[in-house]
Amino acid sequence: MPKGKMIMTELMQQTLYINSQYDNEGSLNQTIDSEVDSFSDITYRTLISEVKNDEIDNNEILEEEYGISLDELDNQMSSEHFDKYMYDISFYIDNCSGGSALAFDLIGSLKKFTTDQDGNGSHHGVELLQTRANGPRKYVFITNQEAEKWLIEQFNAEGHSVKIVRVD
């Protein structure tokens, strides 16, 4: 039976996907294709509290601002609302909650991965890049197997339990 730190490591196991069909872009805990497939599966609660960073105070404000009631918070957004908040949702996924953003933040937090003031950096075949073209977005690119090995060494050295999986 595993004990202590081993249990915590098993609970915190993450997967860094290298998406070959997207120029070896890295994404954490989901492939780029699975992220795209789930893009519109956002509830009103997520839109309001995470994407818009608003408080869910009372029914009156929800009806006034979003046209919904408290009992609709956990419903998937309507296509009308999704279209209305598409830019905000895209920004949130591309920079906060999406697989690429999470991979960017994790790799950028590694002690041996130095970045510039914007968080961009390149080491041992791993590149972190924030771009403003077509809207702001965080990217991670892992160019080869040497980069994968280097990342695994860094993750292990800092106590992160991350496996790397290459997908087509």
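I'm told Leu110 meets every condition in (1) over 17 Å from the mean Cα position of the chain (by Cα); (2) under 24 Å from Gln13 (Cβ atoms) except one. Can you identify the failing condition by its number?
(1)
If a residue must be at pLDDT below 90 and assigned to a helix (DSSP H, G or I), how many such residues does the range 35-61 contain?
So the count comes out to 6.
Considering only the range 82-104, how many residues are acidic (Asp, Glu) and out of contact with any helix residue (DSSP H, G or I) (no Cβ under 9 Å at 6 or more places or on another chain)?
So the answer is 1.
Only residues that are in a helix (DSSP H, G or I), surrounded by 13 or more Cβ atoms within 10 Å (Cβ to Cβ) and aliphatic (A, V, I, L, M): list them for the range 71-99, please.
Ile89, Ile93
Counting only residues that are in a helix (DSSP H, G or I) and touching a residue at least 40 places away in the same chain (Cβ under 8 Å), how many does the range 137-156 have?
So the count comes out to 4.
Within the range 115-126, restricting attention to residues that are in contact (Cβ under 8 Å) with a residue 12 or more places away in the chain and over 16 Å from the mean Cα position of the chain (by Cα), which residue is nearest to Asp94 (Cα to Cα)?
Asp118
Testing Gln130 on (1) assigned to a helix (DSSP H, G or I); (2) under 15 Å from the mean Cα position of the chain (by Cα); (3) of a type in the set (S, T, N, Q); (4) more than 19 Å from Gln30 (Cα to Cα), one condition comes back false. Which one is that?
If we test Gln130 against (1) assigned to a helix (DSSP H, G or I); (2) under 15 Å from the mean Cα position of the chain (by Cα); (3) of a type in the set (S, T, N, Q); (4) more than 19 Å from Gln30 (Cα to Cα), just (1) comes out false.
Of all residues in the range 16-45, count the ones that are free of Cβ contacts under 8 Å to residues at least 60 places away in the same chain and of a type in the set (A, V, I, L, M).
Counting residues in the range 16-45 that are free of Cβ contacts under 8 Å to residues at least 60 places away in the same chain and of a type in the set (A, V, I, L, M) gives 2.
Which one of the conditions (1) at pLDDT below 90; (2) on the phi > 0 side of the Ramachandran plot does Asn29 fail to meet, given that it meets all the rest?
Tallying (1) at pLDDT below 90; (2) on the phi > 0 side of the Ramachandran plot, Asn29 fails exactly one: (1).
Between Val162, Val126, Val167, Val140, which is of a type in the set (A, V, I, L, M) and surrounded by fewer than 19 Cβ atoms within 10 Å (Cβ to Cβ)?
Working: Val162 fails: surrounded by fewer than 19 Cβ atoms within 10 Å (Cβ to Cβ); Val126 fails: surrounded by fewer than 19 Cβ atoms within 10 Å (Cβ to Cβ); Val140 fails: surrounded by fewer than 19 Cβ atoms within 10 Å (Cβ to Cβ).
Only one candidate qualifies: Val167.
The values are calculated or read from the model by the stated rules, or taken from the named source; none is laboratory data. A quick note: this is a predicted structure, and the numbers were derived from the prediction, not measured. Virtual Cβ from ideal backbone geometry, glycine too; neighbours counted across all protein chains shown.
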